[in-house]
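See structure below.
The values are calculated or read from the model by the stated rules, or taken from the named source; none is laboratory data. Bear in mind the structure is a predicted one, so any value in this text is a computation, not a measurement. No Cβ is skipped: glycine too gets one built from the backbone with ideal geometry, and neighbour counts run over all protein chains shown. Each accessible area value is taken on the protein alone, full model and side chains, heavy atoms only, with ligands, DNA and RNA left out. Shrake-Rupley method; radii C 1.70, N 1.55, O 1.52, S 1.80 Å.
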Amino acid sequence: MAAASKDYRYSIEFNIHGVDAPGTRLIKTGDIYVNICLLGSHKRTRLMPSFLPMHVDQKLFFEKVKKI
């Protein structure tokens, strides 16, 4: 008889409001985005002008299902 498998579901809602890095200078050629890796998946924000502080105000959803 096969053992019953269990699934664990992880989900995270990540709210980004702003990004600041004191003392950092960005090259002002083109737009940039913020790349986030969480639970083994990569998400990125929309393209924004390369000025600090960046006002992002975006939600990113991460989800992972682990079978045991």
**OP:** Would you check if H17 is in contact (Cβ under 8 Å) with a residue 12 or more places away in the chain, open to solvent by 70 Å² or more (accessible area, probe 1.4 Å) and assigned to a strand (DSSP E or B)?
**Re:** yes
Original post:
Do you know which residues across segment 30-57 are closer than 23 Å to R9 by Cβ, outside any loop (DSSP other than H, G, I, E, B) and not charged (D, E, K, R)?
Top reply: I36, C37, L38, S41, H42
**OP:** Take segment 20-45 and flag every residue that is without any contact (Cβ under 8 Å) to a residue 12 or more places away in the chain and on the phi < 0 side of the Ramachandran plot.
**Re:** P22, R25, N35, C37, H42, R44
Original post:
Can you spot a residue in segment 7-14 that is of a type in the set (D, E, K, R), outside any loop (DSSP other than H, G, I, E, B) and touching a Lys or Arg at 6+ places or on another chain (Cβ under 7 Å)?
Top reply: yes
Original post:
What are the residue pairs meeting all of these: first residue in segment 46-68, first residue without any contact (Cβ under 8 Å) to a residue 40 or more places away in the chain and over 11 Å from I32 (Cβ atoms), second residue in a loop (DSSP other than H, G, I, E, B) and open to solvent by 40 Å² or more (accessible area, probe 1.4 Å), Cβ atoms under 7 Å, and 6 or more apart or on different chains?
Top reply: P53/D20
Original post:
Got at least one residue in segment 33-46 being in contact with an Asp or Glu (Cβ under 7 Å, 6 or more places away or on another chain) and among the charged types (D, E, K, R)?
Top reply: no
**OP:** Could you run through segment 20-68 and say how many residues are open to solvent by less than 80 Å² (accessible area, probe 1.4 Å) and under 30 Å from A4 (Cβ atoms)?
**Re:** 6
